[in-house]
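A.B. asks: For reference, the structure I am asking about is given below.
The values are calculated or read from the model by the stated rules, or taken from the named source; none is laboratory data. None of these values were measured; they are calculated from a predicted model. Positions of Cβ are generated from backbone atoms using ideal geometry, with glycine treated the same way; all protein chains shown enter the neighbour counts. The protein model used for the area step is the full one, side chains on, heavy atoms only, and it has no ligands, DNA or RNA in it. Shrake-Rupley method; radii C 1.70, N 1.55, O 1.52, S 1.80 Å.
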Amino acid sequence: MALVKPIIYQVVGYQNSGKTTFLLKLIQVLKKVEFKIVTIKHHGHGGCPDVSKQKDSSKHLDAGAAASLVEGEGRIVLQAEDSDCNLDEQIRLMGFFQPDIILIEGHKKQPYPKLLILRNEDDLLLLNNVNNITAVIVWKYALLEQVRGILNVPVFHISEELSVTEISKQIKKLVHA
């Protein structure tokens, strides 16, 4: 499809809340309806993301290259060092691939429409610190009504497979708007 301007949707929550697992399911559902999807993941665990130091691209970086791109059989791997590439720049970079949808894992403070995942009561403070929430997934049944009383958005339990379907429908509406 490849729209001129892709829609951007975020999946946010604290570490180990299930963001990656949900995002993988969402990608599979959206891919079935032939949307071209790219993803951006915030590595919020401290330090640099893991890369293989044995590969030539890493050796290029160690020697002083600012970035290294490897291509083979249709796969492109890009690594950059000492890059202060903010989210807007990462989105522009991913725009090169002409996606319909850019899914972002993390970056809680950004303004894009987002799914918020809450594991427990301690995570409820995110309801005040995260904006543009379009849906919420909770891990504890006790949180369902509590969150529904605060926000006027769909709220699902983590075990509900319907959540993937409903959130993919939200994203499809954004694409076709």
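A.B. asks: Mind checking the dipole of the chain: about its Cα centre, +1 per Lys or Arg Cβ, -1 per Asp or Glu Cβ, Debye to the nearest 20? Present the calculation step by step, with values, prior to reporting the outcome.
C.D. replies: Numbers: 21 positive and 20 negative charges, 104 e Å.
Around 500 debye, computed over the chain.
A.B. asks: When only Cα pairs under 8 Å and 6 or more residues apart are kept, what is the percent relative contact order across the chain?
C.D. replies: Working: 249 pairs, mean separation 55.1, N = 177.
Rounded, it is 31 percent for the chain.
A.B. asks: Report the FRET efficiency, 1/(1 + (r/R0)^6), for residue 144 and residue 75, where r is their Cβ-Cβ distance and R0 is 41 Å, rounded to 0.05. Please list the in-between numbers first.
C.D. replies: Values: r = 41 Å, r/R0 = 1.01.
So, using R0 = 41 Å, E works out to roughly 0.50.
A.B. asks: Taking the chain as the reference, fit the longest principal axis to its C-alpha atoms, fit the long axis of helix 19-32 to the helix C-alpha atoms, and give the angle between the two in degrees, 0 to 90, nearest 10.
C.D. replies: Rounded to the nearest ten degrees, it is 80.
A.B. asks: Among 121, 81, 34, which one shows the highest mean-square fluctuation when the chain is modelled as a Gaussian network with alpha-carbon springs under 10 Å?
C.D. replies: Of 121, 81, 34, the Gaussian network model singles out 81 as fluctuating most.
A.B. asks: Find which of 176, 90, 126 sits farthest along the positive direction of the dipole of the chain, computed with +1 on the beta-carbon of Lys and Arg, -1 on that of Asp and Glu, about the Cα centre.
C.D. replies: 176
A.B. asks: Could you work out which residue, out of 95, 149, 72, moves most in a Gaussian network model of the chain, that is, has the largest mean-square fluctuation with Cα springs under 10 Å?
C.D. replies: 72
A.B. asks: Select from segment 66-159 those trypsin sites (Lys or Arg not before Pro) which occupy a DSSP coil region and have at most 16 other Cβ atoms within 10 Å, ordered by residue number. It would help to have the intermediate numbers written out before the result.
C.D. replies: Details: sites: 75, 92, 108, 109, 114, 119, 140, 148; in loops: 108, 109, 119, 140.
In loop regions of segment 66-159 (DSSP not H, G, I, E or B), the sparsely surrounded trypsin sites (Lys or Arg not before Pro) are 108, 109, 140.
A.B. asks: Using a Gaussian network for the chain with springs between C-alpha atoms less than 10 Å apart, which of these wobbles most: 86, 152, 131?
C.D. replies: 86
A.B. asks: Quick one: pull the percent of accessible area on the chain belonging to carbon and sulfur, 1.4 Å probe, ligands and nucleic acids left out.
C.D. replies: On the way: 5630 of 10760 Å².
Roughly 52 percent, rounded to a whole number.
A.B. asks: Please work out the ratio of the alpha-carbon Rg of segment 91-175 to 2.2 N^0.38 Å and round it to two decimals.
C.D. replies: Working: Rg = 13.8 Å, N = 85, 2.2 N^0.38 = 11.9 Å.
Segment 91-175 yields a ratio of 1.16.
A.B. asks: Is there a quick way to get the dipole size of segment 105-177? I mean about its Cα centre, with the Cβ of Lys and Arg at +1 and of Asp and Glu at -1; what is the value in debye to the nearest 20?
C.D. replies: On the way: 9 positive and 8 negative charges, 68 e Å.
So the dipole magnitude of segment 105-177 works out to roughly 320 debye.
A.B. asks: Indicate the gyration tensor shape class of segment 58-115 (rounded, prolate or oblate), computed on the Cα atoms with a ≥ b ≥ c the square roots of the eigenvalues: a/c under 1.5 is rounded; otherwise a/b larger than b/c is prolate and the rest oblate.
C.D. replies: Values: a/c = 2.87, a/b = 1.57, b/c = 1.83.
Oblate is the answer for segment 58-115, as a/c is 1.5 or above yet b/c matches or exceeds a/b.
A.B. asks: State in Å² the accessible area per residue of the chain; use a 1.4 Å probe, count heavy atoms of protein chains only, and round to the nearest integer. Show your work: numbers first, answer last.
C.D. replies: Details: 10760 Å² over 177 residues.
Per residue, the chain has 61 Å² of solvent-accessible surface.
A.B. asks: Would you compute the Debye intensity of the chain from its alpha-carbon atoms alone, equal scatterers and no solvent, and pass along log10 I(q)/I(0) at q = 0.08, 0.18 Å⁻¹ to two decimals?
C.D. replies: -0.29, -1.20
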